[in-house]
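> Below are the structure tokens for one structure; questions will follow.
The values are calculated or read from the model by the stated rules, or taken from the named source; none is laboratory data. Keep in mind that this is a model prediction, so the values were computed, not measured. Neighbour counts run over all protein chains shown; Cβ positions are idealised from the backbone, glycine included. Side chains included, ligands, DNA and RNA excluded: accessible areas come from the protein's heavy atoms. Shrake-Rupley method; radii C 1.70, N 1.55, O 1.52, S 1.80 Å.
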Amino acid sequence: MNPQIEKLYQIALKKERFIIGLMSGTSLDGLDVALCRIENAGKATKISLEKFITMDYEDIFRTKVREIFAKRTIDQQLLSGLNAYVGITHANLINQALASWNISADQIDCIASHGQTVYHAPQSLTKDQNWPNSTLQIGDGDHIAKHTGIITLSDFRQKHIAAGGEGAPLAAYGDYLLFSHPTENRFLLNIGGISNFTFIPSHQNNLEAYATDLGPGNTMMNQYMKAHFNQEMDRDAIVAKKGTVNESLLERLLAEEFLNLAFPKTTGPELFNLDYLKEAQRRSETLGLSAEDVMATLNRFSAQAMINGIRKQATGLSNVSVYISGGGLHNPLLFDYIKANLPDIKVDSFATLGIDPDAKEAVLFALLANETLVGNKSNVTHIKDSPAVCMGKISLPQ
């Protein structure tokens, strides 16, 4: 037997595994590196976040990825090169994180890498029936495995699509196993580039759990800040707080068909981008708005899309709570508006559930890797419109 396969077998037999989960979102702020200690599998899973750090990207990394991100026409050589470059960059950042924690590579059982999304194209978004659902995350797992010396699982979304899904969101798989509650109906709201929630009904009703995208989270605000202020984000909503929400523009932004589709659904910056904003401004005759007013309106747009989605599912339910994670949690204008406009629902940070909200998505990919190693697809058979699958391709270091 190949000794690497033997090692994989032995990892699966261990009482507990140390798995590094990686997440790099569409905001391109950095690589989330979460070292998790995981026991068991399925609903018996016990997970502990041992270490967490966000490793900042260099500007050249962001610049190169943005040259191909969410664009239909790109330089193929750049795409090919970036697949390796992102993998090598992520491997180097993992090695730096391990060194800072004084942990050696041989203490880690495996890495779970989400990769860097550069294009998301389900038929529901493209409206093109000539091509199957597709999505592309770059950052080759073989490069990560080779440069870290650690077995790596990557490219999780392809199995989801191959089994009939849209490749996103995947959060439901981990959320369902870790955060179900006997009496509380829970919305686990993640505000990344795109906002999404996992709805986890209490054990007292017969509703199904599911994850769904809602609409823009930070992506349009971040794109606008980069284009008009050369900043990665509107930190602490400083710019948006100076502006006034324009109701005409807000109404036009909220008129997008996707926002009224049934759950679950998926979208991306391929739809919600600065071209979308410009067309909405043109139709609402608001092209002359100040940058501050545009940012205030974009902030409200993201918040309102999330509020509308949560209200839609929460109607008729009692004992409902929303737990927020992702970069948007740190935007006070966004958070306060969501909380104020869900007065009958408890709204709190995901930290209340015992995991750093900034680490949540990286932790969930560590859990997905654990399910592939020691779990079973039967562990996730009760998630609405999501195929029961174990996900991730396995790359060996040698």
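> Quick check, is ASP348 surrounded by fewer than 20 Cβ atoms within 10 Å (Cβ to Cβ), acidic (Asp, Glu) and either in contact with a helix residue (DSSP H, G or I) (Cβ under 7 Å, 6 or more places away or on another chain) or part of a strand (DSSP E or B) (or both)?
Working: surrounded by fewer than 20 Cβ atoms within 10 Å (Cβ to Cβ): yes; acidic (Asp, Glu): yes; either in contact with a helix residue (DSSP H, G or I) (Cβ under 7 Å, 6 or more places away or on another chain) or part of a strand (DSSP E or B) (or both): yes.
Here the answer is yes, as ASP348 does meet what is asked.
> Given the criterion open to solvent by less than 10 Å² (accessible area, probe 1.4 Å) and farther than 19 Å from ILE194 by Cα, identify the matching residue among LEU277, LEU249.
Details: LEU277 fails: farther than 19 Å from ILE194 by Cα.
Step by step, each of LEU277, LEU249 is checked, and only LEU249 is open to solvent by less than 10 Å² (accessible area, probe 1.4 Å) and farther than 19 Å from ILE194 by Cα.
> Moving to a separate point now. Do you know which of the residues in region 119-163 that are of a type in the set (A, V, I, L, M, F, W, C) and in a strand (DSSP E or B) is surrounded by the most Cβ atoms within 10 Å (Cβ to Cβ)? Give the steps one after another, and end with the answer.
From region 119-163, those of a type in the set (A, V, I, L, M, F, W, C) are 121, 125, 131, 136, 138, 144-145, 150-151, 153, 156, 161-163; that's our starting set.
Remaining after also requiring in a strand (DSSP E or B): 121, 136, 138, 153.
On the way: ALA121: 20, LEU136: 18, ILE138: 22, LEU153: 27.
Here the answer is LEU153.
> Restricting the search to region 372-390, which residues are modelled with pLDDT of 95 or more and either under 16 Å from ILE20 (Cβ atoms) or open to solvent by less than 30 Å² (accessible area, probe 1.4 Å) (or both)? Steps first, please.
Residues of region 372-390 modelled with pLDDT of 95 or more: 372-374.
Of everything in region 372-390, those that are modelled with pLDDT of 95 or more and either under 16 Å from ILE20 (Cβ atoms) or open to solvent by less than 30 Å² (accessible area, probe 1.4 Å) (or both) turn out to be THR372, LEU373.
> Oh, and also: Go through region 1-60 and give me each residue that's in a strand (DSSP E or B), open to solvent by 10 Å² or more (accessible area, probe 1.4 Å) and among the charged types (D, E, K, R). Don't jump to the end; show me each part of the working.
Filtering region 1-60 down to residues in a strand (DSSP E or B) leaves 16-24, 30-39, 46-56.
Okay, now just the ones that are also open to solvent by 10 Å² or more (accessible area, probe 1.4 Å), so 16, 18, 23, 32, 37, 39, 46-56.
Listed by number, the residues that qualify are GLU16, ASP32, ARG37, GLU39, LYS46, GLU50, LYS51, ASP56.
> Looking only at region 305-321, count how many residues are part of a helix (DSSP H, G or I) and open to solvent by 30 Å² or more (accessible area, probe 1.4 Å).
In the first step, residues of region 305-321 are kept if they are part of a helix (DSSP H, G or I); the result is 305-314.
Still in the list and also open to solvent by 30 Å² or more (accessible area, probe 1.4 Å): 308, 311-313.
So the answer is 4.
> Would you mind telling me which numbered condition in (1) closer than 21 Å to LEU333 by Cα; (2) assigned to a helix (DSSP H, G or I); (3) in contact (Cβ under 8 Å) with a residue 40 or more places away in the chain GLY215 fails?
(2)
> For region 164-178, how many residues meet the condition of being part of a loop (DSSP other than H, G, I, E, B) and within 13 Å of the chain's Cα centre (by Cα)? Break it down into steps so the answer makes sense when it comes.
Of region 164-178, the ones part of a loop (DSSP other than H, G, I, E, B) are 164-170.
Narrowing further to those that are within 13 Å of the chain's Cα centre (by Cα): 167-170.
Summing the residues that are part of a loop (DSSP other than H, G, I, E, B) and within 13 Å of the chain's Cα centre (by Cα) in region 164-178 gives 4.
> Examine region 38-53 for a residue that is closer than 30 Å to GLU270 by Cβ and in contact with a Gly (Cβ under 8 Å, 6 or more places away or on another chain), and state whether such a residue exists.
no
> Return the residues of region 180-200 that are more than 14 Å from GLY328 (Cα to Cα), assigned to a loop (DSSP other than H, G, I, E, B) and touching a residue at least 24 places away in the same chain (Cβ under 8 Å); say none if nothing qualifies. Walk me through it before giving the result.
The initial filter retains those residues of region 180-200 that are more than 14 Å from GLY328 (Cα to Cα), namely 180-187, 198-200.
Pick out the ones that are also assigned to a loop (DSSP other than H, G, I, E, B) and you get 180-184.
Within region 180-200, SER180, THR183, GLU184 meet the criteria.
> Scan region 369-385 residue by residue and report those that are out of contact with any helix residue (DSSP H, G or I) (no Cβ under 6 Å at 6 or more places or on another chain) and either polar (S, T, N, Q) or in a helix (DSSP H, G or I) (or both).
If the condition is that a residue be out of contact with any helix residue (DSSP H, G or I) (no Cβ under 6 Å at 6 or more places or on another chain) and either polar (S, T, N, Q) or in a helix (DSSP H, G or I) (or both), then ALA369, ASN370, GLU371, THR372, ASN376, LYS377, SER378, THR381 are the ones that fit.
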